[in-house]
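Here the structure comes first, spelled out in structure tokens, and everything after it is commentary.
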Amino acid sequence: MILYSFRRCPYAMRARMALHYSGVPVHICEVSLKAKPADMLAASPKGTVPVLVLDDGTVIDESLDIMRWALARNDPDGWLAADGQALIEHNDGPFKRALNCYKYADRHPEHPMVFYREQGCEFLQVLETRLEGGPWLGGEGIGLADIAIAPFIRQFRGVNPDWFGQAPYPRVREWIVAIIESDLFNAIMTPT
Ligand SMILES: N[C@@H](CCC(=O)N[C@@H](CS)C(=O)NCC(=O)O)C(=O)O
């Protein structure tokens, strides 16, 4: 099995975390987004990573589908029990759009950077409130939503770590640090 991936892509990160956790053996092919391999484009002409090609030739080219496929094979800690689909949709929709504008505010001069940050904060507040119920988004146990969303919050934090460090989202701060300092996250970010 082969996973076409890009190390810094948050969609690829969540797919790599789910695959690593499930223990499915997979060969990671790091691609350049500027020069995507022909065999990846043949498998998935839309040209986004991650793309998982199974041994029987089946192609899965949406990160959430790759996560769910991996967890259906093996989910030892029950990540699927705390799915959090609505939160993931909020992340992948409005929050991701705000994140793009916040990261590349110079390309979106219709508003100042802080406008986009405040848009993103609406989701941080949703997460903060959710985390009042326990250390993970689904409560006591880590789940699919934590892993699916964390790479995007990491990017948001990375735009201005000083601001993030004093923003009124202490539970989100603890949560993101727990994930990005985990063995799982380190394993999927270590070049092989
Ligand atoms: N909905 C897709 C989105 C994947 C995506 O947009 N990946 C970006 C990289 S972070 C990409 O491949 N963009 C194509 C490009 O930059 O050429 C998924 O969840 O897998």
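Taking the conditions exactly as written (near the ligand (Cβ under 10 Å from one of its atoms), over 29 Å from C121 (Cβ atoms) and outside the structural domain of E140 (by TED's automatic domain parsing)), does D39 satisfy them or not?
When the stated conditions are applied, D39 does not pass them.
Taking the range 62-78 as the region of interest, how many residues are within 14 Å of the ligand (Cβ to nearest atom), of a type outside the set (A, V, I, L, M, F, W, C) and in contact with a Phe, Trp or Tyr (Cβ under 9 Å, 6 or more places away or on another chain)? Write out each step before concluding.
Quick first cut of the range 62-78, residues within 14 Å of the ligand (Cβ to nearest atom) only: 62-70.
Those still in the list that are of a type outside the set (A, V, I, L, M, F, W, C) too: 62-63, 65, 68.
Still in the running and in contact with a Phe, Trp or Tyr (Cβ under 9 Å, 6 or more places away or on another chain): 62-63.
The qualifying residues number 2.
Please determine whether any residue of the range 88-100 is more than 16 Å from the ligand (Cβ to nearest atom) and either within 28 Å of V172 (Cα to Cα) or touching a helix residue (DSSP H, G or I) at 6+ places or on another chain (Cβ under 6 Å) (or both).
The answer is no; no qualifying residue exists.
Can you go through G23, G57 and tell me which one is away from the ligand (no atom under 13 Å from the Cβ) and touching a residue at least 40 places away in the same chain (Cβ under 8 Å)?
Going through G23, G57 in turn, just one is away from the ligand (no atom under 13 Å from the Cβ) and touching a residue at least 40 places away in the same chain (Cβ under 8 Å): G23.
Any residue that is of a type in the set (K, R), outside the structural domain of E30 (by TED's automatic domain parsing) and under 23 Å from A81 (Cβ atoms) - is there at least one of those in the range 154-162? Show your work before the answer.
Kept after step one, since they are of a type in the set (K, R), are these residues of the range 154-162: 154, 157.
Filter once more, keeping what is outside the structural domain of E30 (by TED's automatic domain parsing): 154, 157.
The next check asks that each one be under 23 Å from A81 (Cβ atoms); those that pass are none.
No, the range 154-162 has no match at all.
Of all residues in the range 134-157, which are out of contact with any Asp or Glu (no Cβ under 9 Å at 6 or more places or on another chain) and more than 23 Å from L64 (Cα to Cα)?
Across the range 134-157, there are no qualifying residues.
Listed here are the residues, each with its yes/no results for (1) out of contact with any Leu (no Cβ under 8 Å at 6 or more places or on another chain); (2) exposed (fewer than 13 other Cβ atoms within 10 Å of the Cβ); (3) under 23 Å from V24 (Cα atoms).
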| position | (1), (2), (3) |
| --- | --- |
| R73 | yes, yes, yes |
| K103 | yes, no, no |
| C121 | yes, no, no |
| G134 | yes, no, no |
| G141 | yes, no, yes |
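The values are calculated or read from the model by the stated rules, or taken from the named source; none is laboratory data. Just so we're clear, the structure is a prediction, and the values are computed from it rather than from any experiment. Backbone-built Cβ (ideal geometry, glycine too); neighbour counts: all protein chains shown.
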